[in-house]
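The structure under discussion appears below in the form of structure tokens.
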Amino acid sequence: MSYEIVPITDEHIEGFCKAVSAVAQERLYLLSLEGFTLESSRLFVHGNREKGMPHFVAIDNGNVVGWCDIRSQNFPILEHSGELGIGVIKSHRGKGIGEKLILTTLTAAKEKGLTRVELTVRETNTNAIALYKKVGFEIEGILRNAICIDGVYTNHIAMAILFE
Ligand SMILES: CC(C)(COP(=O)(O)OP(=O)(O)OC[C@H]1O[C@@H](n2cnc3c(N)ncnc32)[C@H](O)[C@@H]1OP(=O)(O)O)[C@@H](O)C(=O)NCCC(=O)NCCS
């Protein structure tokens, strides 16, 4: 499979929106279980870009098949840090795309001068936890029963990576 990892541009926003919705609707991984509207996706992409925050997409045959972004946290005392989000559509997992996306995004975060990248991940999402550990994230804590879907609770794992 030949794919490329590129910074997101306006031409990718619709594909990004569709990829996020597809992964959200699996209900197993993201905070949203539905995805977001095209307009809110546009606002998110433009807002991140205005702040110079990293946001990359994986493109296969012209289609967005994955994304990785780091969003800023909007308080001056948190400006050194950002929150990472990532996803690869189901058909394209297990082919190295997620690892390439996250490494590209973390490199851009370092170049921007961020010194901390954090995230939360469902305790059941062992594939993502393995990826995060592989690229250097460490577990910082457990947010007990942080998720509740149809009455079933799941813990959230807080992870972060620090740069010098
Ligand atoms: C997590 C995710 C982004 C990984 O992307 P991917 O392209 O499938 O992963 P890669 O093929 O690049 O694999 C990189 C590493 O991830 C981990 N990993 C990925 N798939 C795995 C699997 N099925 N079992 C165990 N580890 C796995 C491994 O550490 C792997 O390294 P290895 O091949 O040396 O073992 C992808 O599974 C995904 O999009 N999941 C749904 C959305 C999601 O969970 N987002 C994060 C929410 S916090």
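Summary of computed values
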| read-out | value |
| --- | --- |
| Using θ = phi - 60° and Karplus 6.51 cos²θ - 1.76 cosθ + 1.60, couplings along the stretch 125-134 (whole Hz; Gly, Pro as x) | 8, 5, 5, 5, 4, 4, 4, 4, 5, 4 |
| Nearby lysines by direct alpha-carbon distance to Lys133 (threshold 19 angstrom, same-chain neighbours under 8 apart not counted) | Lys95, Lys100, Lys110 |
| Antiparallel bridge percentage (DSSP; both residues within the stretch 4-162; nearest 5) | 90 |
| Whether the stretch 83-164 is rounded, prolate or oblate, judged on the alpha carbon gyration tensor where a/c under 1.5 counts as rounded | oblate |
| Using distinct alpha-carbon pairs, which all enter the 1/r mean, Kirkwood radius of the chain in Å | 16.2 |
| Per residue accessible area in Å² of the stretch 19-78, where ligands, DNA and RNA are left out and the probe is 1.4 Å | 54 |
| Accessible area, probe 1.4 Å, largest first, for residues Glu14, Glu111 | Glu111, Glu14 |
| Whole-percent carbon and sulfur share, accessible surface of the stretch 48-131, 1.4 Å | 50 |
| Assigned charges on the beta-carbon of Lys, Arg, Asp, Glu; the chain dipole about Cα centre (debye) | 300 |
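The values are calculated or read from the model by the stated rules, or taken from the named source; none is laboratory data. Just so it is clear, the model here is predicted, and its values are computed rather than measured. So basically every Cβ, Gly included, is an ideal-geometry build from the backbone, and we count neighbours across all protein chains shown. These accessible areas exclude ligands, DNA and RNA; they are computed on the full protein's heavy atoms, side chains included. Shrake-Rupley method; radii C 1.70, N 1.55, O 1.52, S 1.80 Å.
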